[in-house]
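Peer 1: First the structure, which I've put down as structure tokens, then a few questions once you've had a look.
Each reported figure results from applying straightforward, stated rules to the coordinates on display, with no laboratory input. Computed from a prediction, not measured in an experiment: that's the story for all the values here. Positions of Cβ are generated from backbone atoms using ideal geometry, with glycine treated the same way; all protein chains shown enter the neighbour counts.
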Amino acid sequence: MQKHPKQKEWEENELKKSLSRSPERKERFLNHGGQEITRLALPQVMDDDYIHNLGFPGQYPFTRGVQPTMYRGRLWTMRQYAGFSTAAESNKRYRYLLDQGTTGLSIAFDLPTQIGYDSDDPMSMGEVGKVGVTIDSLADMETLFHEIPLDKVSTSMTINSPAAVLLAMYVAVAEKQGVAAEQLRGTIQNDVLKEYVARGTYIFPPTPSLRLITNIFQWCSDHMPAFNTISVSGYHIREAGSTAVQEVAFTLANACVYIQSALEAGLEIDTFAGRLAFFFNASSDLLEEVAKFRAARRLWARIMKERFGAKKPASQMLRFHTQTAGNTLTAQQIDNNIVRVTLQALSAVLGGTQSLHTNSRDEALTLPTEDSVRIALRTQQIIAHESGVVNTIDPLAGSYYIESLTDRIEEQAQALIKKIDELGGVIACIEQGFIQQEIEDASYNYQKEVESGDRIVVGVNAFQMKEDRTTPLLRVDPAVEQEQVKNLSRLKKDRDSRAVQSSLDQLKRAAQGSDNLMPFILEAVKTYATLGEICNILREIFGEYRDRR
Amino acid sequence: MSRDMKKKRVLIAKPGLDGHDRGAKIIARALRDDGFEVIYTGIRQTPGEIASVAIQEDVAVIGLSSLSGGHMRLFTAVIDELKRMSAEDIPVLGGGIIPDEDIPPLKNAGIAAIFGPGTPISDILEAFHKACEK
């Protein structure tokens, strides 16, 4: 049979280039019977529809994946989100995870840190060190990365409103380790729009928040070329109760706002778009999730090319991290969660994720224990090394169901994005509560289905049993808060307070003007000005966002 | 409905910094669908703010939600604030990610009932009705 010219073109360009840059993990991929596993299964007859909508991996519109060899080349990054208590405790957990074979770090900060309060702020009461690690100043950040070589690991930080401050602290710690900013790899979430509708850790109103985000884009273009400057997140939108289509639509609509504001600030699309990353949820409907990931990839490529005129393939590629769906974990019969997570993780891999966090079985009760986290990581390792799904690219392509669902999710998400545009754009929709209402309705309908028994949740509304819940749980000692407050007051006594004050004054003047704030924030963190002090200066100038109800 | 629905105004509140409000919103809506008048504070309320709103709005019951692990400090702080404002007669219910072993100390501190993940909404509505009748 004659090869389609487009296939030849792909083999001679994208594939050849990729193989010469880095070979596949094995010279030959064989099944148990010794038969060769095909790299990329293709239809017998490649029509225009196939070329237009599916094409080849690593090639526009990237439906079949963003790399030409996908997991035959390199497995996804197994990145477990972790952090609790003090910097010293979390540092221990990270080093344990690295020892166990995790391939990237993912930092969870506590709520005071995420909302820019020091641990001695009255607003922080009861929350210090609870859902993540508490960071007041550069001193804590130094402890957090003690003996972790920042030129070797990539680090993802779930930080949004005060992302610039935590990024600056990361750069400063690296500098002390002798690692230049250019060498740093990782991601900051830096996606404030979804905070207003789903996650809740906003500080400033949208306009100054977008300025901070654009400042980061610009500064990183010049200083941190290997760092992902934003991770536009549908994860939390889905957790808040949205449907798969809404998750795609709201996330891509938010991404368009970030792109637009960077363009308005004078950045050129192909200089920053390649460092946008995405973050999606892997929920329980396996086939719908696979279609969702593929649809999101294709829709984003089309938006970037057609709406924003991006030319570089890297700017058109939707690269994403996935986390399994926390809201599907049950407090009942918690070991069942291992199975749920396995199915969800499989959907992410079949959907072509670039990195993955698998939730632990006990997270409907509290933070996961070390044993639970290990099982969650092993789940990924079993999918990677035993299931075989990684040996051929985009294995579900061409299934009538998967392809029709991929088309439908793309169409419906596109229609919803269009509706948002017609209603005046994302920010107007947030202010009017449109997006919040859409999510709330979807969440309530889902819950009603569970209540009525139309939707079965094993162990919750069917197949229940009496159980003795004596699983050991991880507890954060309430003394952590007092300990952290004590350390903070010691730091404030020991540091050069004149240098702190002067750096904060300069930051304030810069915030009143229109300079890029990154250099000023970097100066401030190096004097050990605290996160709360820096954010309070910005609160003074930018004001605070209040949810209108 | 045969129940006494005169005192059917209730407050749903999220103390602390936790932004996970999916559960709080579902409960608020289910209560409304069931005939209650519901005031939802929104996220990030201090215990003092919650107690003040409860008193100003003359609610019959307060429902607290927390998923961030801060419930021991925050729920009991709401009770303390109510006492300080001489309003400890307002019953307080709690829900969220709360380990079983935390339930007895929370009840001792004055929280009338605690609802963990997977609780049917009907059970929660029932608890609000009961608390209103007190």
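Peer 1: Roughly what angle does helix A:206-223 make with the longest principal axis of chain A, taking Cα atoms, 0 to 90 degrees, to the nearest 10?
Peer 2: Helix A:206-223 and the main axis of chain A meet at about 80 degrees.
Peer 1: May I have the extent of the alpha carbons of the range B:9-133 along their three principal axes, as whole Å values ordered from largest to smallest?
Peer 2: Sorted largest first, the three principal extents are 32, 31, 26 Å.
Peer 1: When you have a sec, figure out the Kirkwood radius of the range A:333-449 from all distinct Cα pair distances and drop it here in Å to one decimal?
Peer 2: Taking the inverse mean of 1/r over all distinct Cα pairs, the range A:333-449 comes out at 17.5 Å.
Peer 1: A follow-up question, please. List A:ASP468, A:ASP99, B:ASP18 from most exposed to least, where exposure is judged by having the fewest other Cβ atoms within 10 Å.
Peer 2: A:ASP468, A:ASP99, B:ASP18
Peer 1: In whole angstrom, note down how far apart the Cα centers of the range A:221-300 and the range A:477-549 are.
Peer 2: The two parts, judged by their Cα centres, are 29 Å apart.
Peer 1: Show log10 I(q)/I(0) for the range A:1-143 at q = 0.10, 0.13, 0.15, 0.22 Å⁻¹, two decimals, from a solvent-free Debye sum over equal Cα scatterers.
Peer 2: The Debye formula, applied to the Cα set alone, gives -0.61, -0.74, -0.82, -1.28.
Peer 1: Filter B:LYS14/B:LYS83; A:LYS130/A:LYS448; A:LYS152/A:LYS305; A:LYS194/A:LYS486; A:LYS6/A:LYS312; A:LYS292/A:LYS418 down to the pairs with a C-alpha to C-alpha distance above 25 Å, please.
Peer 2: A:LYS130/A:LYS448; A:LYS152/A:LYS305; A:LYS194/A:LYS486
Peer 1: For the range A:5-53, take the convex hull of the Cα atoms, compute a quarter of its surface area, and give me that in nm², please.
Peer 2: If you wrap the Cα atoms of the range A:5-53 in a convex hull and average its projections, you get 4.6 nm².
Peer 1: As an exercise, take the mean of 1/r over every pair of distinct alpha carbons in the range A:10-87, invert it, and state the Kirkwood radius in angstroms.
Peer 2: Taking every pair of different Cα atoms in the range A:10-87, averaging 1/r and inverting gives 14.9 Å.
Peer 1: Let me check I have the definition right: for the range A:428-549, take the eigenvalues of the Cα gyration tensor, multiply each by 5, take square roots. What are those semi-axes in whole Å, largest first?
Peer 2: For the range A:428-549, the semi-axes come out at 46, 27, 10 Å.
Peer 1: For peptide A:121-131, how many partner chain Cβ atoms fall within 10 Å of a residue's Cβ, on average?
Peer 2: The mean count of partner-chain Cβ atoms within 10 Å per residue comes to 6.
Peer 1: Tell me, what are the semi-axes, in whole angstrom and largest first, of the equivalent ellipsoid of the protein assembly as shown as set by the roots of 5 times the Cα gyration tensor eigenvalues?
Peer 2: Its equivalent ellipsoid spans semi-axes of 40, 31, 24 Å.
Peer 1: Taking Cα atoms of the range A:176-268, Rg/Rh with Kirkwood Rh, to two decimals?
Peer 2: Rounded to two decimals, Rg/Rh equals 1.02.
Peer 1: Helix A:531-542 versus the longest principal axis of chain A: what angle, 0 to 90°, nearest 10, using Cα atoms?
Peer 2: Helix A:531-542 sits at roughly 90 degrees to that axis.
Peer 1: Further question: Using a ≥ b ≥ c from the Cα gyration tensor of the range A:349-411 (square roots of the eigenvalues), is it rounded, prolate or oblate, where a/c under 1.5 gives rounded and otherwise the larger of a/b and b/c decides, a/b for prolate?
Peer 2: Taking the square roots of the gyration eigenvalues as a ≥ b ≥ c, the range A:349-411 is oblate.
Peer 1: On average, how much area does the Cα convex hull of the range B:45-113 cover when viewed from any direction, in nm²?
Peer 2: Its Cα hull, projected and averaged over all orientations, spans 4.1 nm².
Peer 1: Give me the inter-chain shielding for B:43-49: mean count of other chain Cβ atoms within 10 Å, whole number please.
Peer 2: 3
Peer 1: While we're here: Explain nothing, just the number: relative contact order of the range B:13-134, from Cα pairs under 8 Å at least 6 residues apart, as a whole percent.
Peer 2: Relative contact order here is 26 percent.
Peer 1: Convex hull over the Cα atoms of the range A:238-357, averaged projected area in nm²?
Peer 2: It is 7.5 nm².
Peer 1: Taking every DSSP beta bridge that has both residues in the range B:35-134, what percent is antiparallel when rounded to the nearest 5?
Peer 2: DSSP beta bridges in the range B:35-134 are roughly 0 percent antiparallel.
Peer 1: Okay, moving on. Taking neighbour counts of Cβ atoms within 10 Å as a proxy for exposure, in what order, fewest first, do A:ASP47, A:ASP140 appear?
Peer 2: If I rank by nearby Cβ atoms, fewest first, I get A:ASP47, A:ASP140.
Peer 1: So for chain A, averaging the separation of alpha carbon pairs under 8 Å that are six or more residues apart and normalising by length, what relative contact order in percent results?
Peer 2: 18
Peer 1: Counting only other chains, what is the mean number of Cβ atoms within 10 angstrom of the Cβ of each residue in peptide B:19-32?
Peer 2: Shielding by partners across B:19-32 averages 5.
Peer 1: Just to be sure I follow the definition: excluding the sites themselves, where is the longest run in chain A that has none of the GluC sites (Glu not before Pro) in a DSSP loop with at most 16 other Cβ atoms within 10 Å?
Peer 2: That would be A:148-267.
Peer 1: Tell me the angle of helix A:336-350 to the major Cα principal axis of chain A, expressed in degrees between 0 and 90 and rounded to the nearest ten.
Peer 2: Relative to chain A, helix A:336-350 is tipped by roughly 70 degrees.
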